[in-house]
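**Q** One structure follows; several queries about it will come next.
The values are calculated or read from the model by the stated rules, or taken from the named source; none is laboratory data. Quick caveat, the model's predicted, so the values are computed rather than measured. Every residue, glycine as well, gets a Cβ built from its backbone with ideal geometry; the counts of neighbours run over all protein chains shown.
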Amino acid sequence: MAEITSMQATHKWASVEDLEKARYDDIGASLKELYSFDGIDECIIIQTCNRIETYIVSSDNGKHVLEEYVRYKGVPANLVRYYNNEQSLRHLFRLASGLESMVIGEDQILGQIKDAFDIARSLGITGNILNTTFGKAINVGKRSRTETDINRGSVSIGSAAVDLAEQILGTLDGKTIMVIGAGEMGALVAKALSQRKIRAIIISSRTHEHALELAKELDGKAVYFEDIMDYIPQSDVVISATAAPHIVIDRKMIEEAMDKQNNRKLLLIDIANPRDIETSVAEIPGVELHNIDSLKKIRDANIEKRKVEALKVEEIIEEELELLERQYKRKRADGVISSLYAQVENIRVQERKRAINRLRAIGGVDEYQLEVIDDLTKSLVNKILAHPTKTLRDGSEDGDDDFLRSIMKLFKIDGGD
């Protein structure tokens, strides 16, 4: 029977550099390519700055199919871990609830899962299994945040970067902070900064209109991306969070900026993936560079604060997993039952037709008699199949897949061995 298999590369065991090796350049094109592989019936890709996760539905050996795909893509095998159906479901529910995030309880991941689901659905490469699973996961994420305080006062990756800057510098009071990138992550950084007593927020983006909107909202200053070299020397901290597929700030730019710094130090925090800032800038005197890996200290402190709420979320997840398993079992049984009824109905219609023809041959049949024959044959079918139907549903609820397979084989229902 078709089941979910997934492969993961996440911040828990992979560095920023490692994750860059596993990233998909174009999600839409990658989904189409993945879907074209033999043995894949449905697929979804979740890709964020901290993880690359691929979910497939396959009637074959799903792990083998994904291993073949990883070899085809040239991704280092040691970066990827594979989860079976049960592991994939539990992980996805934990992910949607914020338990797998670097910053426990953050809300951003739920929107990212929704976006990944929408992209795959728009391409027509999801079906009943992933539609049901991801729909349930999104509901679990909402329920976890409604029924517990897992996200109460939670921080995002963006605000964690601001916390990191504050830890390193001691205070952000009176500092000038530059944010490069005005997308979702950049907006989270800027909003976290707006709650500090900083001297100035400078916002730059390749799409200047986005920088203007964000700067207006937060009483900051928007500058053209082409002019960032005029403002980096004025900044105490630069936090970069663009979606660019290439380096945005290279060593030469920072060397030039430091020549104008008049012995001031510069803190750079790169929370983009792929990275925005060339790593060798850390070798420049007076420059301190941090990336997503540096946020793990913030994550550990966050985990400690949320232990009690995380336990409550775990209970919700286990409850929802049980409900989903029952739903899957009912659907499997209902599919077999539907096919069984279709077969018997086909026989009923054929035998009814044969009986009517024989009766017509000896004197004809009126409308009332036709109705009686129809009611009789339908009643026989329903009464004969009533007990087997109940037994099938009970067997399915008990997880008796062997019984379902035996019925499918006995009645030659598609999907039987």
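**Q** Closer than 29 Å to His91 by Cβ and either touching a helix residue (DSSP H, G or I) at 6+ places or on another chain (Cβ under 8 Å) or surrounded by 13 or more Cβ atoms within 10 Å (Cβ to Cβ) (or both): which single residue out of Arg326, Arg352 fits that description?
**A** Arg326
**Q** Something else: I'd like to verify a number: residues in the range 179-200 that are crowded, with 24+ Cβ neighbours inside 10 Å and either in contact with a strand residue (DSSP E or B) (Cβ under 7 Å, 6 or more places away or on another chain) or among the small types (Gly, Ala, Ser) (or both), how many?
**A** Total satisfying the criteria: 8.
**Q** Restricting to the range 287-332, name every residue that is closer than 30 Å to Asn263 by Cα and aliphatic (A, V, I, L, M).
**A** Passing the criteria: Val287, Leu289, Ile292, Leu295, Ile298.
**Q** Still on this structure, I have one more. Consider the range 34-50. How many of its residues are assigned to a loop (DSSP other than H, G, I, E, B) and among the hydroxyl-bearing types (Ser, Thr, Tyr)?
**A** Qualifying residue count for the region: 1.
**Q** Quick one: count up the residues across the range 261-286 that are surrounded by fewer than 17 Cβ atoms within 10 Å (Cβ to Cβ), closer than 22 Å to Asp18 by Cβ and not charged (D, E, K, R).
**A** Selection size over the range 261-286: 3.
**Q** Filtering the range 357-372 down to residues that are aliphatic (A, V, I, L, M) and surrounded by fewer than 16 Cβ atoms within 10 Å (Cβ to Cβ), which residue is farthest from the chain's Cα centre (by Cα)?
**A** Ile362
**Q** Would you check which residues across the range 234-260 are surrounded by fewer than 16 Cβ atoms within 10 Å (Cβ to Cβ) and more than 27 Å from Arg23 (Cβ to Cβ) and list them?
**A** Matches in the range 234-260: Gln234, Glu255, Glu256, Asp259, Lys260.
**Q** Hey, another quick one. I'm trying to understand the selection: among the residues of the range 5-33, which are in contact with a helix residue (DSSP H, G or I) (Cβ under 7 Å, 6 or more places away or on another chain), assigned to a helix (DSSP H, G or I) and without any contact (Cβ under 8 Å) to a residue 60 or more places away in the chain?
**A** Answer for the range 5-33, where residues must be in contact with a helix residue (DSSP H, G or I) (Cβ under 7 Å, 6 or more places away or on another chain), assigned to a helix (DSSP H, G or I) and without any contact (Cβ under 8 Å) to a residue 60 or more places away in the chain: Lys21, Ala22.
**Q** Can you report the number of residues in the range 213-245 which are in a loop (DSSP other than H, G, I, E, B) and either farther than 17 Å from Leu268 by Cβ or not polar (S, T, N, Q) (or both)?
**A** Going through the range 213-245 one residue at a time, the tally reaches 8.
**Q** Moving on to the next point. Does the range 226-233 contain any residue that is among the hydrophobic types (A, V, I, L, M, F, W, C), over 26 Å from Asn50 (Cβ atoms) and surrounded by fewer than 20 Cβ atoms within 10 Å (Cβ to Cβ)?
**A** Yes, the range 226-233 contains at least one residue that is among the hydrophobic types (A, V, I, L, M, F, W, C), over 26 Å from Asn50 (Cβ atoms) and surrounded by fewer than 20 Cβ atoms within 10 Å (Cβ to Cβ).
**Q** Which of the residues that make up the range 1-43 are under 30 Å from Asp402 (Cβ atoms) and crowded, with 20+ Cβ neighbours inside 10 Å?
**A** Ile4, Thr5, Ser6, Met7, Ile40, Glu42, Cys43
**Q** Hey, can you tell me all the residues within the range 87-135 that are acidic (Asp, Glu) and modelled with pLDDT under 95?
**A** Listed by number, the residues that qualify are Glu100, Glu106, Asp107.
**Q** Also: Across the range 358-405, what is the total count of residues that are more than 20 Å from Arg326 (Cα to Cα) and in a helix (DSSP H, G or I)?
**A** Looking only at that region, the number is 25.
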